[in-house]
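Accompanying notes for the structure given below.
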Amino acid sequence: MKVRYQATAGLAVLALAVAACGGGGGEAKKPSAEQTQQAQEQMSQTPAISINPVPYEQVKDGGTLTLAVGQWPQQWNGNHVDGNQADTADMLDVVMPQPIVFDEQAQWSANPDYLSDVKNDLTADKHVVTYTINDKAKWSDGTPITWEDFEAAWKVNSGKDKKYKPASTDGWDRIESVTKGDTDKVAVVTFSKPYPEWMGLFSRSPHLYPAKHILDADKYENDYKGKIPVTAGPFKVEKIDEGTKSLTLVRDDNWWGKKAKLDKIIFRGIESTEAQVNAFANGEIDGVEIPSGSPAELKRAKEVPNVDIRKALSPNWRHITVNNVSENLKDKTVRQAIAYGINRDVITQSDLKDMDWPLQTLGNHVFMNNHKGYVDNSGDLGKYNLEKAKQLLDQAGWKQEGEYRKKDGKDLELTFVIPTGTAVAQTEGELTQAMLKEAGVKVNIRPVPVDKFFVDYVIKGDFDLVPFSWIGTPLPIGGLSQIYKTGSESNFPKGSDPALDEAIEAAVSELDPEQAIAKANAADKLIWDMVHTIPLYQRPDIQAAKKTLANWGAKGYKSYDYSMIGFTG
């Protein structure tokens, strides 16, 4: 299964899959120089996109596309931290506006279905972006999309009004005003200080919503809770079935853009990867993601007649988040000991074994291995060192007494929270448990309901260690504020370091791209030092699809155009 979580930087995902292997301790199986070179070569040979591109005219009219999602949402308001899951964003892509879209090279452009023009003015004293909205663009209730919808997005995400709960305020908190231009169809956005990744706002992070459904605090919480009352896309909602956890979308005949090729799209909530692949093999769904830690499912998918396995590099990565404020981890020395005591190479090899994916650990919280800005900033903390872990724990006053370490009569005990049914997370927990036991740390694996995992545990900080994946965007630097800055709703471990906040501010404010990368890497070194998150690896983007399914698959950085997705036969 894949459970995902969306924000400005990206979506958090937990992958439910059959584990590659179980058990294991800290015996290092560090890749050899030859293996590392092979991984780098494999990385360089993996394409940026694999979606079976077919021109619009050659996609047949009609048909139903059925897909699976791992986690069924409770909140469909993507502005809300509880509605910030990537599975939710995937479904909303079909029915909600994305004014800015990206290609496979992460280059942005205005989506003509929603915008007729965008002007970015950095020459004045202020940074001003002017959005001219397509005259035909309207909500499904018939009301036009106007500058007021842009203003509402700013107000609910800026962080200034505490009655709203945004997943990220990054970028929004730099906006000084959103005003009406020459007409209601012109939104003038003025920033108090330059924001280089402005194109990530007012689009998929989160999608644009009608002002009248989100400005009022009660409506913000409830209008999209369990329902999607208003849309604006090539498809509209026919039915949300909470009993079967399915969303049925049908072509919207009032759509002003290109007529969608498909008649219908159905999303089905299917929790485990095994069950999803079974559904794919049985012809119940038309495409399925094969996440890390599921070699048996990849093998089975390859055996399905007329299957196409589509792989691409993407800005997605697996990690372990480390609670910075829980009782036994609030001491940075202890957190650093935990980092030394976890063998990232072993977990990476376990998760990616037989997945036809590069066995390469990730040494950066911002840039992926294949990104031009990538530098391995992990230093010594990224290297397994059991003796160093023991030394630091001694230094922190945790003394070995029998099987585990104690301080003031209490065991050094940590809770490793995982969602039920997540075999890959279970294995990651077991490996971490065995590794840290060698350092005298007791790790308890705590399975929790998958549909409560983010809302009730991760977001609320009810964990010591927790594994999931961030699903990134074409704008990686913006994720710094979202995930690591003091006070952000998506700073799940509640890490706080004034020096890091200052470094983040410098990176996200830098207009020169090369300097921005350098400053982001400077911030990354501080993130490693605080042990906020332990990166594991760049997550596979592997999709199994029917060969006849066009314009869908491993999309990397690219935005889907759902009017073009369909079948060729």
- Note on the structure: With a ≥ b ≥ c from the Cα gyration tensor eigenvalues, square-rooted, and the rule rounded for a/c under 1.5, otherwise prolate when a/b > b/c and oblate otherwise, region 397-504 is oblate
- Message: How would region 344-473 be classified by its alpha-carbon gyration tensor: rounded, prolate or oblate, with rounded meaning a/c under 1.5 and the a/b versus b/c comparison settling the rest?
- Response: oblate
- Local electrostatic count, residue 117, Cβ distance below 13 Å [Lys/Arg +1, Asp/Glu -1]: -1
- Before anything else, pin down the relative contact order of the chain: Cα pairs under 8 Å, at least 6 apart, normalised by residue count, whole percent. 26 percent
- Quickly rank 54-66, 192-204 as a protection proxy: mean count of other C-beta atoms within 10 Å, highest first. 192-204, 54-66
- In region 367-442, lysine pairs closer than 30 Å at Cα, eight or more apart or cross-chain: 29
- Message: Debye calculation, C-alpha points only, no solvent: report log10 I(q)/I(0) for the chain at q = 0.05, 0.08, 0.10 Å⁻¹, in the same order as the q values.
- Response: -0.20, -0.51, -0.81
- Note on the structure: Over all directions, region 132-227 yields a Cα convex hull whose mean projected area in nm² is 6.4 nm²
- Residues of region 434-472 with amide N under 20 Å of a point placed 7 Å along Cα→Cβ from residue 327: 437, 440-447, 457-458, 460-466
- Taking the alpha-carbon centroid of each part, what is the distance from region 85-111 to region 251-320 in angstrom? 17 Å
- Based on the mean of other beta carbon atoms within 10 Å per residue, what is the order of 154-166, 556-568, 459-471, 174-186, most packed first? 459-471, 556-568, 154-166, 174-186
- Among all the lysines, which ones have a C-alpha under 19 Å from residue 119's C-alpha, if same-chain residues fewer than 8 places away are not counted? 180, 185, 193
- Task: Kindly provide the helix-only [θ] at 222 nm of the chain, computed as the sum of -39,500 (n - 2.57) over DSSP H runs of four or more divided by all residues, to the nearest 500 deg cm²/dmol?
- Result: -7000 deg cm²/dmol
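Read-outs throughout are calculated quantities, based only on the coordinates presented, and are distinct from any laboratory measurement. Keep in mind the model is a prediction, meaning the values are calculated, not measured. All Cβ positions, even for glycine, are placed from backbone atoms using ideal geometry, and neighbour counts span all protein chains on display.
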